[in-house]
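Participant: Let me give you the structure first, and then I'll get to my questions.
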Amino acid sequence: MAKDKIVEVAGLHQRYGDFEAVRGISFEVREGELFALLGTNGAGKTTTMETVEGFRPASAGTVRVLGRDPHRERRAVRSHVGIMLQEGGLFPDLTVAETVDLWRDIVPGARPRDEVLEQVVLADRADVRARQLSGGQKRRLDLALAIVARPRVLFLDEPTTGMDPEARRTTWHTVRGLVADGTTVLLTTHYLEEAEQLADRLAIMHQGTVRVAGTVAEVLAGHGDRISFRIPPQAAVAELPRPHGAEPQVSAGGGGPVATYTLTGPPTGPGVQRALRELLDWADDRRLELAGLEARSASLEDVFLRVAGHPAVEEAHR
Amino acid sequence: MTLTRTRPDAPAARPVDPRRLLRLARLDMTLLWRNRTALFGVVGLPAFFAVMLLVSDGNGHQSAGVPAVLYTGTGDLAFFLLPAVFMNLVSVFTARREELTLKRLRSGPLSDAEALGGSVLGATALYLAQSAVIVVIIATALDGGLPADPVLMLLGMLLGAVVFALLAMALSGVTPTVEMAQLTVIPVLLVSMLGSGFMFPLEEAPVGVRAVAQVMPLTPAVEIARTAYLGRDFTVDGDHGALGLVETWTACVPALLTLAAWIVVGAWLARRYFRWEPRRG
């Protein structure tokens, strides 16, 4: 076993009665990296997370955290792991300070309370009872509990759900700091920006399977750069050029039908430039104006929508 | 494939760390103090029974050959298992499951035994404190003396606490909300009040009723508490005669065995019905 594999999931299946929430997924998280599991609600992220956290045994397949079975050897694994559940579980009648102190008393090697509260930007709320915190503050208190014991590995299940944009940025800053200090992080999110901002590598889950995985660049590669423009009224769809063999996809737009080309190939390659030249030459030859002309590189959103957003459309294309 | 290996540097995983257990018991006391509704339930009922002893003192009523206040007072020592341990823990476990704090506690390095044991310890401490108040009332205001066999009495009380903690775990599993806990405890509460002999002697009851009452979970706890306190045979079939030290224990053997049997049954029920997390969907 390579030493730097902190989390290893191989062929994991997870069933609830007749329903198979996770259908054979594999991934690994290496030491010191942040790995994001992306997916819509119901994609199987939380089930995967709770299996890796050791709350339930795998129906099939293997899960290893720090080389151990997180369910059977729960206590041995847990002392190196910090967990932030998707839903809090805070005692409503304890203050922020009391909540952190409780955790400091039950975990080994706890850090000072003030240091932890500083880190999650809750120091000024220390005397407030948990029931009076905002949703975002509750999530940050939950994060504080997860990091109280300086864990080697951190599992964050939708850490910023329900937060306003500013609170989200604060949390990202905290998480980046933890990764910079050498913490290995596995997080789930349905915010694409979160994965783009934080993840070294990611996997997109849909309907219980991993559809795409890799670094952000790897995931974007093959999903291509995009060129789009409104189809001039004088031009018929059949006449549109095919730069580098890319087929135009026609969709309805505000000012008329829009043609979009998806250029596969390396994301930073010369593809866009050449395709654009070809298109512009074509337009010049015919004295056409390409209104709304736009060229951009693929975003995670493109990939995500293609994988998860319109599965029916995806399948119809094949 | 990765083989599971035991590493020499692994921390010796002790299932129960007394320090953590005490910390969690203290947490329960803090939370109980801040939740006035729960506090009233856990402390109010025993306080009512204690006051009843004081106001009934000297009314001349007799139960099974002893002053009724002594009879009920020694019964209270077992009956307080209901409010302090059973009803209290059904609420605590149900509320914590639904608010996900049980799961949260379990997400740290606590063992399952610790996550639940802290609450059991806190509830038992509360029960013993309430019982201590009753002992003081019996010994002073009621002039009933101190327990004849405190060791046996304490053993019976602790076994009773284990029984009712296990039953509370099981019942919490079928109690959907903390509000519903007020209702789901009622059958056990009624059976324990009427059929345990803690206040109303079972001697007069028909043989069939008595046989059933004898195997109810609170009955053996009442038999042991009263017999050990008064040093006379107050088991359900007992003749109330004075007993020596060894005889007291011998008389209580069936009751001790009944409690042991309830521990087995309670553990099975708890395993079967207790839930750490809310139902999905």
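The values are calculated or read from the model by the stated rules, or taken from the named source; none is laboratory data. Quick caveat: nothing in here was measured; it's all calculated off a predicted structure. Virtual Cβ from ideal backbone geometry, glycine too; neighbours counted across all protein chains shown. Just the protein is used for accessible areas: all its heavy atoms, side chains included, with ligands, DNA and RNA removed. Shrake-Rupley method; radii C 1.70, N 1.55, O 1.52, S 1.80 Å.
Participant: Compare the peptides A:32-40, B:218-226 by average per-residue count of other Cβ atoms within 10 angstrom and give them in order, highest first. Walk me through the intermediate numbers first.
Facilitator: Details: A:32-40: 23.3, B:218-226: 29.7.
The most tightly packed comes first, giving B:218-226, A:32-40.
Participant: Antiparallel DSSP bridges in the protein assembly as shown: what percent, to the nearest 5?
Facilitator: Antiparallel bridges make up about 65 percent of those DSSP assigns within the protein assembly as shown.
Participant: Considering every residue in A:36-45, what mean count of other chain Cβ atoms within 10 Å of its Cβ is obtained?
Facilitator: The mean count of partner-chain Cβ atoms within 10 Å per residue comes to 0.
Participant: Could you work out the relative contact order of chain A, using alpha carbon pairs under 8 angstrom and six or more residues apart, expressed as a whole percent?
Facilitator: Relative contact order, chain A: 19 percent.
Participant: With all protein chains present, how much of the accessible area of region A:1-133 (probe radius 1.4 Å) comes from carbon and sulfur, to the nearest whole percent? List each step's numbers first, then the result.
Facilitator: On the way: 2270 of 5220 Å².
Carbon with sulfur: 43 percent of the solvent-accessible area.
Participant: Right, another one. What is the sum of charges around residue A:226, taking Lys and Arg as +1, Asp and Glu as -1, for the other residues whose C-beta is under 14 Å from the C-beta of residue A:226? Working shown, then result.
Facilitator: On the way: positive: A:296, A:306; negative: A:225, A:247, A:294, A:301, A:302.
Net of charged neighbours comes to -3.
Participant: Over the Cα atoms of chain A, Rg to Rh with Kirkwood Rh, two decimal places? Mind showing how you got there, number by number?
Facilitator: Numbers: Rg = 23.6 Å, Rh = 21.9 Å.
Across chain A, the Cα-based Rg/Rh ratio is 1.08.
Participant: From the P(r) of region B:18-273, could you give the percentage of C-alpha pairs in the tail past 31 Å?
Facilitator: Working: 7572 of 32640 pairs.
Of all Cα-Cα distances in region B:18-273, 23 percent exceed 31 Å.
Participant: For region A:224-297, with all protein chains present and a 1.4 Å probe, just round the carbon and sulfur fraction of the accessible area to a whole percent. Walk me through the intermediate numbers first.
Facilitator: Values: 2140 of 4420 Å².
The computed percentage sits at 48.
Participant: Determine the shielding of peptide A:47-53 by partner chains: average, over its residues, the number of Cβ atoms on other chains within 10 angstrom of each Cβ.
Facilitator: Details: counts 0, 0, 0, 3, 0, 0, 2.
Shielding by partners across A:47-53 averages 1.
Participant: Give the lysines reachable from residue A:5 as a straight Cα distance under 24 Å; neighbours fewer than 8 places away on the same chain don't count.
Facilitator: List returned: A:45.
Participant: Percent of Cα-Cα pairs per 20 Å bin, from 0 to the last occupied bin, for the protein assembly as shown, please list those.
Facilitator: The calculated distribution, bin by bin, is 17, 37, 26, 13, 5, 1.
Participant: Compare each residue of region B:18-34 in its chain alone against the assembly with all protein chains, and report those whose accessible area goes down by 30 Å² or more; 1.4 Å probe, heavy atoms.
Facilitator: B:20, B:23, B:27, B:31, B:34
Participant: For region A:49-98, what mean projected area does the convex hull of the alpha carbons give, in nm²?
Facilitator: Working: hull surface 17.9 nm².
One quarter of the hull surface, i.e. the mean projection, equals 4.5 nm².
Participant: With a 1.4 Å probe, what is the total accessible area buried between chains B and A, in Å² rounded to the nearest 100?
Facilitator: Working: alone 14540 and 15830 Å², together 26930 Å².
Buried surface at the B/A interface: approximately 3400 Å².
Participant: To continue, here is another question. What three numbers, in Å, describe the spread of the alpha carbons of region A:169-210 along their principal axes, ordered from the longest?
Facilitator: 33, 20, 12
Participant: Continuing with the same structure: Work out how far the C-alpha atoms of region B:122-281 reach from end to end along every principal axis, then list the three figures in whole Å, largest first.
Facilitator: For region B:122-281, the Cα spread along each principal axis is 60, 36, 25 Å.
Participant: What value, in deg cm²/dmol to 500, does the helix sum -39500 (n - 2.57) over DSSP H runs of n ≥ 4 give at 222 nm once divided by the residues of chain B? Before the final figure, lay out the partial values.
Facilitator: On the way: 13 runs with 178 residues, N = 281.
My calculation for chain B gives -20500 deg cm²/dmol from helical runs alone.
Participant: Hey, can you list the residues from region B:87-107 whose accessible area shrinks by 30 Å² or more with all protein chains present, relative to the chain by itself (probe 1.4 Å, no ligands or nucleic acids)?
Facilitator: The answer is B:99, B:100, B:101, B:103, B:104, B:105, B:106, B:107.
Participant: What is the log10 of I(q)/I(0) for region B:94-204, computed with the Debye formula using one identical point scatterer on each Cα and no solvent, at q = 0.10, 0.15, 0.16, 0.22 Å⁻¹?
Facilitator: Normalising to I(0) and taking log10 leaves -0.43, -0.87, -0.95, -1.34.
Participant: Calculate the mean, over all residues of peptide B:111-120, of how many other protein chain Cβ atoms lie within 10 angstrom of the residue's Cβ.
Facilitator: 1
Participant: Something else now. Over region A:224-297, how many percent of alpha carbon pairs lie in each 10 Å bin up to the one with the longest distance?
Facilitator: Per 10 Å bin, starting at 0, the Cα pair percentages come out as 20, 58, 21, 1.
Participant: Treating the angle as unsigned and between 0 and 90°, give the value, to the nearest 10°, between the Cα long axis of helix A:165-180 and the longest Cα principal axis of chain A.
Facilitator: It is inclined by approximately 70 degrees.
Participant: Going 7 Å from the Cα of residue A:105 toward and past its Cβ, which residues in region B:108-136 have a backbone nitrogen under 17 Å from where you end up?
Facilitator: The answer is B:108-111, B:114-126.
Participant: Rg and Dmax of region A:69-215, using alpha carbons, in Å: what are they?
Facilitator: 15.3, 45
Participant: In percent, how large is the relative contact order of region B:18-273, given Cα pairs closer than 8 Å and 6 or more residues apart?
Facilitator: Details: 339 pairs, mean separation 62.6, N = 256.
So the answer I get is 24 percent.
Participant: Kindly state, as a whole number, the per residue volume in cubic angstrom of the convex hull around the alpha carbon atoms of region A:163-305.
Facilitator: Working: hull volume 21.6 nm³, N = 143.
Taking only Cα atoms, region A:163-305 has a hull volume of 151 Å³ per residue.
Participant: Using the Cα centre of region B:18-273 as origin and beta-carbon charges of +1 (Lys, Arg) and -1 (Asp, Glu), tell me which of B:105, B:176, B:224 is placed farthest towards the positive end of the dipole.
Facilitator: Selected residue: B:105.
Participant: Skip the ligands, DNA and RNA, and give the accessible area per residue of the protein assembly as shown with a 1.4 Å probe, whole Å². Let's see the in-between values first.
Facilitator: Working: 26930 Å² over 599 residues.
Per-residue accessible area for the protein assembly as shown comes out at 45 Å².
Participant: Sticking with this structure for a sec: Output the direction-averaged projected area (hull surface divided by four) of the convex hull of the alpha-carbon atoms of region B:37-103, in nm². Please report the intermediate quantities before stating the final value.
Facilitator: Numbers: hull surface 20.5 nm².
Projected area, direction-averaged: 5.1 nm².
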